[in-house]
Amino acid sequence: MSDCIFCKIILGEIPSYKIYEDDFVLAFLDIAPVNYGHTLVVPKKHVANYEEIEKNDLEKLFNAVKKIGYALKIGLAIPGYNTCVNNDPVAGQIIPHMHVHIIPRNEKDGLALWPQGSYGDGEASETQAKIRNKIE
Amino acid sequence: MDCIFCKIVAGDIPSYQVYEDDQVMAFFDILPISPGHTIIVPKKHVADLEDLSDAEMTALALAVKKIGKAVMDGLGVKGYSVFLDNKSAANQHVPHAHFHLVPRAEGDGLERWPQSGYSEGEAEEFLKNLKKAL
């Protein structure tokens, strides 16, 4: 897509610090990193989100994440990392080209989990039924 | 194996299950970040993302997509966050690889982590070190 910043990076029209590339996937440094080495992994084909990505591209994308996670772990000697996808604008997705964040972590870097709550009586089974009914 | 997720997969501990196939099971996190917060696990005990076979990784990724669609359709949400915390330094509490799928809503107050930038030459240095180490 011509006005997509990630498509421009894939085409080399915008420079990036590349970490990994194959026929389907490109990975490069996020220039506004949460932590040093914060990497974005994108499918080369322009798709906005999970809803649009096809099976084969999804498979290639996450197997690349696995490979890059391993490389970051060994290469940076980090004790762990997070991977995350913010799917759609309501979830904080800013660039409408699907991407997986890999964020290297250090002990005590202060990055906390989101706060957790609990279900009231019957609420979990009701929510479960709504989701199960829509599994295809 | 003294693993809580293995016990859930085996049915020894009850769960609110939302999906199951040959390789994957998905059930509710009982301490949800938002209603419908789902945990997606490989049935086989694997601690780390890197230890998953390509076939297991693929099965998980496809299950996440399927469940995400059902969450959007069933709960009427307009998006969701998917994350996997790898190792305790990254807040992984149960050492059995798992994806979280968290339904999202406008104004839910869940913020992205703060971002910074690289100083001049720092990113180049990083890449050099990474390549050297590999």
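Check the stretch B:59-73 and report whether any residue there is at pLDDT 95 or above and in contact with a Gly (Cβ under 8 Å, 6 or more places away or on another chain).
Yes, because at least one residue in the stretch B:59-73 is at pLDDT 95 or above and in contact with a Gly (Cβ under 8 Å, 6 or more places away or on another chain).
Residues in the stretch B:110-128 that are at the interface with another protein chain (Cβ under 7 Å from one of its Cβ atoms) and either in contact with an Asp or Glu (Cβ under 8 Å, 6 or more places away or on another chain) or in a helix (DSSP H, G or I) (or both): how many?
4
Quick one: would you say B:PHE126 is over 19 Å from A:LEU29 (Cβ atoms) and of a type in the set (Phe, Trp, Tyr)?
It is false that B:PHE126 is over 19 Å from A:LEU29 (Cβ atoms) and of a type in the set (Phe, Trp, Tyr).
What tally of residues in the stretch A:36-46 results from selecting those that are over 12 Å from the mean Cα position of the chain (by Cα) and either over 14 Å from A:LEU111 (Cβ atoms) or crowded, with 20+ Cβ neighbours inside 10 Å (or both)?
4
For the stretch B:57-78, enumerate the residues that are within 16 Å of B:HIS37 (Cα to Cα), surrounded by fewer than 23 Cβ atoms within 10 Å (Cβ to Cβ) and not hydrophobic (A, V, I, L, M, F, W, C).
Passing the criteria: B:LYS65, B:LYS66, B:LYS69, B:ASP73, B:GLY74, B:GLY76, B:LYS78.
Could you pull out the residue among B:VAL64, B:VAL77 that is within 27 Å of B:GLU50 (Cβ to Cβ) and β-branched (Val, Ile, Thr)?
B:VAL64
Among the numbered conditions (1) farther than 24 Å from B:LYS69 by Cβ; (2) within 7 Å of chain B (Cβ to nearest Cβ), tell me where A:ASN86 comes up short.
The single condition A:ASN86 does not satisfy is (1).
May I ask you to verify whether B:GLY107 is modelled with pLDDT of 95 or more and either facing chain A (nearest Cβ under 7 Å) or farther than 16 Å from B:PRO32 by Cα (or both)?
Answer is no for this residue.
Just to be sure I understand the filter: pairs with C-beta atoms under 7 Å, separated by 6 or more residues or on different chains, first member in the stretch A:114-125 and under 20 Å from B:VAL82 (Cα atoms), second member not in a loop (DSSP other than H, G, I, E, B). Which pairs pass?
The qualifying pairs are A:ALA124/B:PHE28.
Identify, please: which residue in the stretch A:114-133 is surrounded by 15 or more Cβ atoms within 10 Å (Cβ to Cβ) and in a loop (DSSP other than H, G, I, E, B) and is, among those, modelled with the lowest pLDDT?
A:TRP114
Tell me which residues, restricted to the stretch B:80-94, are surrounded by fewer than 18 Cβ atoms within 10 Å (Cβ to Cβ) and out of contact with any Asp or Glu (no Cβ under 6 Å at 6 or more places or on another chain).
Correct list: B:SER88, B:HIS93, B:VAL94.
Please state which one of A:LYS67, A:LYS60, A:LYS108 is basic (Lys, Arg) and either within 8 Å of chain B (Cβ to nearest Cβ) or closer than 17 Å to B:ALA89 by Cβ (or both).
A:LYS108
Could you give me the residue pairs with C-beta distances under 7 Å whose first residue belongs to the stretch B:65-93 and is facing chain A (nearest Cβ under 7 Å) and closer than 17 Å to A:CYS84 by Cα, whose second residue is among the basic types (Lys, Arg) and crowded, with 20+ Cβ neighbours inside 10 Å wherever it lies, and which are 6+ apart or on separate chains?
Pairs that qualify, where the first residue is facing chain A (nearest Cβ under 7 Å) and closer than 17 Å to A:CYS84 by Cα and the partner is among the basic types (Lys, Arg) and crowded, with 20+ Cβ neighbours inside 10 Å, are B:GLY79/B:ARG104; B:TYR80/B:ARG104; B:SER81/B:ARG104; B:ALA89/A:ARG105; B:ALA90/A:ARG105.
Could you check the stretch B:95-119 and list, in sequence order, the residues that are loosely packed, with under 15 Cβ neighbours inside 10 Å and either within 22 Å of B:GLY68 (Cα to Cα) or basic (Lys, Arg) (or both)?
B:GLU106, B:GLY107, B:GLY109, B:GLU111, B:ARG112
What is the number of the single condition among (1) within 20 Å of A:ALA91 (Cβ to Cβ); (2) among the polar types (S, T, N, Q); (3) in a helix (DSSP H, G or I) that B:THR58 does not meet?
The failed condition is (1).
The values are calculated or read from the model by the stated rules, or taken from the named source; none is laboratory data. These numbers were taken from a predicted model, which means no experiment stands behind them. Note that we place each Cβ from the backbone using ideal geometry, even for glycine, and neighbour counts take in every protein chain shown.
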